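Visitor: Shown below is the structure under consideration.
The values are calculated or read from the model by the stated rules, or taken from the named source; none is laboratory data. Every value quoted in this text rests on a predicted model; they were computed, and no experiment measured them. For neighbour counting, all protein chains shown are included, and Cβ atoms are generated from backbone atoms with ideal geometry for every residue, glycine included. Please note that ligands, DNA and RNA were not included when accessible areas were found on the heavy atoms of the full protein model with its side chains. Shrake-Rupley method; radii C 1.70, N 1.55, O 1.52, S 1.80 Å.
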Amino acid sequence: MGDEKEADFIFTDIDAYRKLFKNVTNQVAIGEASISYLYIAKSVERIKHYIPKAKLIAILRDPAERAYSNYLHLLKQEREPLTDFAEAIGQE
């Protein structure tokens, strides 16, 4: 994804969203992935309205593994000043 931010890929217009699938032909299954649906209360309602036969799949990571992964990501980006994971968690 490069330098793009997640917000750059949030679609609030159905026609813009449909353009994601403009090259779809006869695939058995198509889809996309977004964590935003978990945080936007009306996501499921809107998906059901526009794409009533859509199947939603949520894959959730182990919270401790996700927290450590995020910590490493922030360290790599030099956005986490603490070099000790336990200390960083304690500061949260």
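Visitor: Report the label-to-label distance for residue 47 and residue 27 in nanometres (one decimal), using points 7 Å from each Cα along the Cα→Cβ vector.
Guide: Distance between the two pseudo-spin positions: 1.6 nm.
Visitor: Nearest 10 degrees is fine. How inclined is helix 63-76 to the longest principal axis of the chain, computing both from alpha carbons?
Guide: With both axes taken from Cα atoms, the answer is about 70 degrees.
Visitor: Could you rank the peptides 31-40, 50-59 by their average count of other C-beta atoms within 10 Å per residue, with the highest value first?
Guide: Details: 31-40: 10.9, 50-59: 8.2.
For the peptides 31-40, 50-59, the packing ranking is 31-40, 50-59.
Visitor: How large is the helix-only mean residue ellipticity at 222 nm for the chain, computed as the sum of -39500 (n - 2.57) over DSSP H runs with n ≥ 4, divided by its residue count, in deg cm²/dmol to the nearest 500? Before the final figure, lay out the partial values.
Guide: On the way: 4 runs with 34 residues, N = 92.
That comes out to -10000 deg cm²/dmol.
Visitor: While we're here: When the accessible area of the chain is split by element with a 1.4 Å probe, what percent falls to carbon and sulfur? Write down the numbers at each step before the final one.
Guide: Details: 4710 of 8640 Å².
Looking at the chain in its full context, I get 54 percent from C and S.
Visitor: Within the chain, count lysine pairs with alpha carbon atoms under 28 angstrom apart where the residues are 8 or more positions apart or belong to different chains.
Guide: Count of close lysine pairs: 16.
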